[in-house]
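These notes concern the structure reproduced below.
The values are calculated or read from the model by the stated rules, or taken from the named source; none is laboratory data. From a predicted model like this one, the values you see are computed outputs, not experimental measurements. All Cβ positions, glycine included, derive from the backbone under ideal geometry; neighbour counts span all protein chains shown. Only protein heavy atoms, including side chains, enter the accessible area calculation; ligands, DNA and RNA are left aside. Shrake-Rupley method; radii C 1.70, N 1.55, O 1.52, S 1.80 Å.
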Amino acid sequence: MIVKPKGSYDIYGHEMKVWQYVERVVDEVMERYNYGKIRTPIFESTELFHRGVGDSTDIVNKETYDFVDRGNRQMTLRPEGTAGVVRSFIENKMYGDPNQPVKLYYNGTMYRYERPQSGRDRELTQFGVEVLGCDDPAIDAEVISVAVQIFKLLGLKGVKVKINSLGDTESRNNYREALIKYFEPFINDLCEDCQERLKKNPLRILDCKVDAESEIIKNAPIMLDYLNEESKNRFMDVQNYLDVLDIDYEVDPKIVRGLDYYSHTVFEIEATVKDFGANNVLAGGGRYDTLVENLDGPKTPGIGFACGIGRLVRALEKEEVRLPINETIDVFVLYVNKTEKEYALALTQDLRLNGFRVETDYMNRSLKSQFKQADRLNAKYLIILNDEDLVAGEMQVKDNLTKEVAMVKEAEIDDYLDLNLR
Ligand code: HAM
């Protein structure tokens with residue numbers, strides 16, 4: 001038997017209904033906040049992610065699915081959505097659109113060659129937003145609030161918003177120097193990766209999964225102490241706008257994020273539901289004011305976040321949130337002989353065209369097992385056909401809950417169902 005690749009999933013049945021509901025809520029909230037949907041390729045040139053996500057990140061160094069295509073091009077399955085959206089923004093000259101800022105959202109699969117564990121998959125689905133062309137701190141607050149509203153609308157209660165600032169380039173350079181000075185004497189106590197990170201991007205050490213609990217990391221200098229005046233003020237503005245939007249948050253100086261492109265605001269939203277496990281970050285994001293330029297576009301600020309739908313669905317399950325998922329059908333049409341069957345097929349088709357959720361039998365079932373099948377599908381009404389009624393131009397309609405039966409004229413069946421179901 002051929003089985004699915006490690007770290008990937010088949011989603012179907014009830015679970016798929018949950019996913020579809022979540023995706024509908026995402027679309028709905030994005031519409032309210034005026035974000036336009038974008039779909040970019042699942043594969044892009046490898047160079048995009050090296051220059052976009054960053055050479056010093058685990059995602060690019062260890063986790064990409066790379067391949068050479070038949071035309072000898074070096075390609076990569078996207079490990080995240082931001083680089084592709086920014087590439088598209090530049091390629092399609094969206095910076096020239098009079099409608100600024102450009103507010104985009106996406107929903108799609110990403111690929112990371114990680115060690116599979118709960119909440120850490122190799123094929124993952126993210127929805128996310130990117131706002132390009134705006135550095136007003138108010139938009140930082142809006143982006144965070146989009147994620148929060150989606151979680152709220154879904155009925156998720158246990159979430160915590162954590163924010164931090166990585167400041168501007170000057171602040172980060174000062175902080176980087178302070179970190180190098182601090183970590184250098186401990187270099188041999190750090191894991192191999194962190195020894196490498198100290199040379200390339202010492203901020204990444206703070207994000208290390210191996211050394212996370214070490215006292216050396218816990219006592220390291222914090223970014224907030226190295227923000228220059230301008231960056232500090234900007235961070236205060238973001239917090240002020242979050243207050244204006246009534247979003248609860250806490251400042252967590254440990255949030256540095258695992259991608260190279262961030263500056264100023266960074267944030268993560270955690271699931272706080274009990275027993276969720278270690279991979280509890282539902283959404284993460286931040287500002288990236290140099291990424292567009294790094295990818296050869298005009299200087300353009302940007303900010304966004306992405307949320308792993310798999311983790312979000314698991315949080316909803318763990319919290320036992322009841323979602324308004326319809327697991328019923330409106331009508332099941334039952335019949336016995338061939339003429340009734342033809343009538344049943346035409347009626348089923350007609351009712352479906354009129355917007356009802358309808359099923360009939362295709363398995364040659366006895367009448368008794370058609371009743372059972374209707375129950376399995378949670379049919380609200382049964383239409384039980386027989387020749388004599390049909391000759392008289394009517395049909396038996398049974399309310400499957402009260403078990404009441406009514407004789408309904410053929411010409412009035414739509415109105416009857418409409419009246420009783422809607
Ligand atoms: P990220 O933090 O790498 O950020 O991923 C965002 C979210 O995707 C995580 O919080 C998590 O819910 C989910 N996720 C990531 N990796 C996995 C995995 N292996 N298995 C399951 N879920 C996962 C980004 O991807 C940035 N592009 C976010 C962003 C957008 N920043 C600015 N704009």
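So here's what we get for this one:
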read-out: Partner lysines for residue 299 [C-alpha distance under 19 Å; skip if fewer than 8 residues away on the same chain]; value: 93, 103
read-out: Net charge dipole size for the stretch 183-263 [Lys, Arg +1 and Asp, Glu -1 on Cβ; Debye, nearest 20]; value: 300 debye
read-out: Order by protection proxy (mean Cβ within 10 Å, highest first), peptides 275-287, 204-216; value: 275-287, 204-216
read-out: Listed residue (381, 397, 190) projecting farthest to the positive dipole end of the chain, Cβ model; value: 190
read-out: Cα-centre dipole for the chain with unit charges at Cβ (Lys and Arg positive, Asp and Glu negative), debye to 20; value: 920 debye
read-out: Net charge dipole size for the stretch 329-421 [Lys, Arg +1 and Asp, Glu -1 on Cβ; Debye, nearest 20]; value: 580 debye
read-out: Å² of accessible area per residue within the stretch 329-421, as computed with a 1.4 Å probe and no ligands counted; value: 58 Å²
read-out: Among 309, 344, 360 - extreme Cα towards positive end, dipole of the stretch 297-372, charges at beta-carbon; value: 309
read-out: Isotropically averaged projected area of the chain, using the convex hull of Cα atoms (one quarter of hull area), nm²; value: 27.6 nm²
read-out: Solution diffusion estimate, µm²/s, Stokes-Einstein, the stretch 329-421, Kirkwood Rh from C-alpha pairs, 37 °C, viscosity 0.692 mPa s; value: 253 µm²/s
read-out: Dimensions (Å) - the stretch 259-363, Cα atoms, principal axes, largest first; value: 71, 42, 21
read-out: Stokes-Einstein translational diffusion, the stretch 1-148 - Kirkwood Rh over all Cα pairs, 1.567 mPa s, 4 °C, in µm²/s; value: 76 µm²/s
read-out: Accessible carbon and sulfur surface of the chain relative to its total accessible area, %, 1.4 Å; value: 48 percent
read-out: Antiparallel bridge percentage (DSSP; both residues within the stretch 329-421; nearest 5); value: 55 percent
read-out: Cα-based helix-to-principal-axis angle, 367-376 vs the chain, degrees rounded to 10; value: 30 degrees
read-out: Peptide ranges 378-386, 72-80 listed from the most packed, as the mean C-beta count within 10 angstrom indicates; value: 378-386, 72-80
read-out: Protection-proxy order for peptides 393-404, 56-67, each taking the mean of Cβ atoms within 10 Å per residue, highest first; value: 56-67, 393-404
read-out: Cα centroid of the stretch 165-189 to Cα centroid of the stretch 59-117, whole Å; value: 29 Å
read-out: 1.4 Å probe accessible area per residue over the stretch 75-229, in Å²; value: 44 Å²
